[in-house]
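First comes the structure, then the notes that go with it.
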Amino acid sequence: MDGNKIIARSLAQQGVQYAFGIVGIPVIDLAMALQLEGIKYIGFRNEQAACYAAQAIGYITRKPAVCLTVSGPGLLHVIGGMSNAQSNCWPVIVIGGSSDQAQERLGAFQECFQVESSRLHCKMSARPPNLSSIPRFVADAVKLSTYGRPGAVYLDFPGDLLNATVSEEDTDWIPSIPEPPSTMASPCQVAKAVKLILAAEKPLFIIGKGAAYAKAEDPIRNIVNQTNIPFLPTPMGKGVVSDLHRCCVGPARSLALQKADVVVLFGARLNWMLHFGRLPRFNPDVKVIQIDISPEEFHSSLPTAVALHGDLRTVSKQLEEELVKTGHVFKDSSLWWMSLKEKVCQNREVNQGLIVALLFRRSPTST
């Protein structure tokens, strides 16, 4: 078997179903090998766009797709997409062909320090040393792109490694990597979070992209329905609970953030999207309950009152079970709900008025 076939079979054995990219030297045969192994290949005209497509499939399916690129400029074009996947926590495996190892530092065709160039923008950047080790590197790429906080991985394959051959018996085949384990939060921390929610006068749920990726719709919807606590979705958290739900206070976003005394982050980060959780957009005395798969995310912008580390769907189920036991329902008659509903109505009226005025100006009958 040559390197192309080993790579393709290793990816197929690990459950990879899609590849996006641009073919050229030295990955033409690899693109064909992928298709022979049943992996769907979609050709693009730009490597960065191909990487965006691959990571989008990874986000939707929770399985990494491949972005295939040629050496030199092809890899450099894909770095923007790789960095986007890493920042947004979307799984993707970038595979780059590179110049022959025997020609390195001799001015080979499109020679580039690809492993070094990719290292800052992914969880792993590596080149298998030989053919028999390829399945292990592919398995590691699948694991690292999906375990913990998802992200990008880069694997580099020189042309002479792709074209070399080895017997199937001498190849170190690796069994399929299981899905990331579902980890639970500490029961003591969950109890602490529930106590804080029950004591809140102005509670707020913020539903982020992590909730959508974890497919935590059911437990989060149950929590919202049970507690009647207002919530805000982030742009990538939309749809976990419908914007049409009675508890959605999107039209009163500024007021909700500024006045909430307890905020529960369901897979949302206190980054620029949420104004870093700081003044003047947030209450200076706000207490944050944060659910995240990555412990490094806690206490990042301000102290986390309760850190719930674990798989978001699993932790949300834990939180749901404990809240249901309390029978807690946040009353519609509370001052918090009344002020939010008033602001929602005001802002909707303003927006509807702006829309009507805009449509009227564009109407042919208005001239």
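The values are calculated or read from the model by the stated rules, or taken from the named source; none is laboratory data. Computed from a predicted model, the values in this text were never measured in an experiment. Glycine gets a Cβ as well: all are built from the backbone with ideal geometry, and neighbour counts include every protein chain shown. We work out accessible area using only protein heavy atoms, side chains counted, and drop any ligands, DNA or RNA first. Shrake-Rupley method; radii C 1.70, N 1.55, O 1.52, S 1.80 Å.
Numbers at a glance
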quantity: Residue in region 24-36 that is modelled with pLDDT under 95, over 20 Å from Phe137 (Cβ atoms) and either in contact with a helix residue (DSSP H, G or I) (Cβ under 6 Å, 6 or more places away or on another chain) or open to solvent by 60 Å² or more (accessible area, probe 1.4 Å) (or both) present; calculated: yes
quantity: Options Leu270, Leu274, Leu257; residue that is closer than 25 Å to Gln346 by Cα, without any contact (Cβ under 8 Å) to a residue 60 or more places away in the chain and of a type outside the set (Val, Ile, Thr); calculated: Leu257
quantity: Leading residue by the ranking (nearest to Leu131 (Cα to Cα)) among those in region 144-163 that are open to solvent by 10 Å² or more (accessible area, probe 1.4 Å) and among the polar types (S, T, N, Q); calculated: Asn163
quantity: Residues that are within 19 Å of Pro230 (Cα to Cα), more than 17 Å from the chain's Cα centre (by Cα) and of a type in the set (S, T, N, Q), drawn from region 271-330; calculated: Asn283, Ser316, Thr326
quantity: Members of region 331-354 found to be farther than 20 Å from Lys202 by Cα, open to solvent by 100 Å² or more (accessible area, probe 1.4 Å) and among the hydrophobic types (A, V, I, L, M, F, W, C), listed by number; calculated: Leu354
quantity: When residues of region 37-57 are limited to those that are open to solvent by 80 Å² or more (accessible area, probe 1.4 Å) and either out of contact with any strand residue (DSSP E or B) (no Cβ under 6 Å at 6 or more places or on another chain) or not in a strand (DSSP E or B) (or both), the one nearest to Lys215 (Cα to Cα); calculated: Tyr52
quantity: Scope region 103-116; condition more than 14 Å from Thr69 (Cα to Cα), under 32 Å from the mean Cα position of the chain (by Cα) and either modelled with pLDDT of 90 or more or part of a helix (DSSP H, G or I) (or both); matching residues; calculated: Glu116
quantity: Index of the failed condition, Ile60 passing every other in (1) surrounded by 15 or more Cβ atoms within 10 Å (Cβ to Cβ); (2) assigned to a helix (DSSP H, G or I); calculated: (1)
quantity: Hits in region 71-126 (condition: in contact with a His (Cβ under 7 Å, 6 or more places away or on another chain) and either acidic (Asp, Glu) or touching a residue at least 60 places away in the same chain (Cβ under 8 Å) (or both)); calculated: Met82, Ser83, Gln86
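Results for (1) in contact (Cβ under 8 Å) with a residue 40 or more places away in the chain; (2) under 16 Å from Pro64 (Cα atoms); (3) in a helix (DSSP H, G or I), shown as yes or no for each residue.
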site	(1), (2), (3)
Pro128	no, no, no
Ser132	yes, no, yes
Pro135	yes, yes, yes
Val138	yes, yes, yes
Val142	yes, yes, yes
Pro150	yes, yes, no
Val153	yes, yes, no
Leu162	yes, no, yes
Glu169	no, no, yes
